[in-house]
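What follows is a short report on a single structure.
The values are calculated or read from the model by the stated rules, or taken from the named source; none is laboratory data. Only a predicted model underlies this, so the values are computations on that prediction, with no experimental measurement involved. All Cβ positions, glycine included, derive from the backbone under ideal geometry; neighbour counts span all protein chains shown. Side chains included, ligands, DNA and RNA excluded: accessible areas come from the protein's heavy atoms. Shrake-Rupley method; radii C 1.70, N 1.55, O 1.52, S 1.80 Å.
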Amino acid sequence: MPLLFPLEDASDVRCRYKPDVIKGDMDSIRTEVLDFYMSLGTKIIDKSHDQDTTDLHKCVTYIRDVAPNLDKSNLCILVAGALGGRFDHEMGNLNVICRFSSLRIVLLSDDSLIHLLPRTHRHEIHIQTSVEGPHCGLIPLGMPSRSSTTTGLQWDLNNTEMRFGGLISTSNIVTGDKVTVQSDSDLLWTISIKKL
């Protein structure tokens, strides 16, 4: 967080944006960081006994279960730093957004944003052109798409088949402030993030 506010004191930023909960298997958190947040009252949930799910999976489960009566239709989980590291971790994060496809989970890195477009909906994506784009992509996940159709892209798809080992829509260009997507398969939507 302090890197997002380079003109402010790092300790002030850490205190202002302290997490309510740290949950995971604790294999990658430094002891001094854990101690710092514990001293601020952050709840620590050690799930080191669970090696069958990723830390992100554990955290999404916590968010989903902490308020079971919450209307989840407006819930958006933003996962900063979810991309750009080890490839197996990135794939694990993609697996989580598939396993929790009823929740809106956005994976964010320094240069891109990714979220799942479930096949059960026609999607209307509003582009914040001051910070997003123009490069984008649509990637079928889990199974081929026999038919994907888009509007708002330089190279729109028109009942186009996409699959790994065949065509996937990468290096496409957003042409305006709205993109529509309809597919018979779950797709990953990815769009570039502009450097500020």
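3J(HN,Hα) along segment 22-29: 10, 10, x, 8, 6, 7, 10, 8 Hz, from the Karplus curve 6.51 cos²θ - 1.76 cosθ + 1.60 with θ = phi - 60°, whole Hz, x for Gly and Pro.
Quick one: if the Förster radius is 25 Å, what FRET efficiency do residue 26 and residue 76 give, using the C-beta to C-beta distance and rounding to 0.05? Spell out each step's value before the answer.
Working: r = 26 Å, r/R0 = 1.05.
Calculated transfer efficiency: 0.40.
Computed over the chain, the per-residue total of -39500 (n - 2.57) for DSSP H runs of n ≥ 4 gives a 222 nm mean residue ellipticity of -6000 deg cm²/dmol, rounded to 500.
Checking (i) 154, 22, 10; (ii) 33, 20, 15; (iii) 24, 21, 16 against the coordinates, the calculated semi-axes √(5λ) of the Cα gyration tensor in Å falls under label (ii).
Backbone amide hydrogens, once placed in the peptide plane, bring residue 106 within less than 5 Å of 77, 78, 79, excluding anything fewer than 5 places away on its chain. The phi-based Karplus calculation (6.51 cos²θ - 1.76 cosθ + 1.60; θ = phi - 60°) puts the 3J(HN,Hα) values of segment 94-109 at 5, 4, 5, 5, 6, 5, 10, 5, 7, 9, 8, 10, 10, 9, 10, 10 Hz, whole numbers, x for Gly and Pro. Along segment 173-184 the Karplus relation, 6.51 cos²θ - 1.76 cosθ + 1.60 evaluated at θ = phi - 60°, assigns HN-Hα couplings of 10, 6, 9, x, 9, 8, 10, 10, 9, 9, 8, 8 Hz to successive residues, with x for each Gly and Pro. Distant-in-sequence amide contacts of residue 132, defined by a placed amide H-H separation under 5 Å and a gap of 5 or more residues or a different chain, comprise 194. The antiparallel fraction among DSSP beta bridges confined to the chain stands at about 75%.
With only Lys, Arg, Asp and Glu charged, each at its Cβ (+1 for the first two, -1 for the last two), find how big the charge dipole of the chain is about the Cα centre; round to the nearest 20 debye.
Details: 20 positive and 25 negative charges, 85 e Å.
So the magnitude is around 400 debye.
Think of the chain as a dipole: +1 on every Lys or Arg Cβ, -1 on every Asp or Glu Cβ, centred on the Cα centre; then among 54, 165, 41, 165 lies furthest on the positive end.
Nonpolar atom fraction for the chain, defined as the carbon and sulfur part of the 1.4 Å probe accessible area, stands at 53 percent.
Calculate I(q)/I(0) for segment 1-52 by the Debye formula, one identical point scatterer on each C-alpha and no solvent, and give its log10 at q = 0.18, 0.19, 0.20, 0.21 Å⁻¹ to two decimals. After summing over all Cα pairs, the log10 values are -0.64, -0.69, -0.75, -0.80. Cross-link partners for residue 195 among the aspartates and glutamates, with Cα-Cα distance under 13 Å and sequence neighbours closer than 8 places in the same chain left out: 110, 111, 132.
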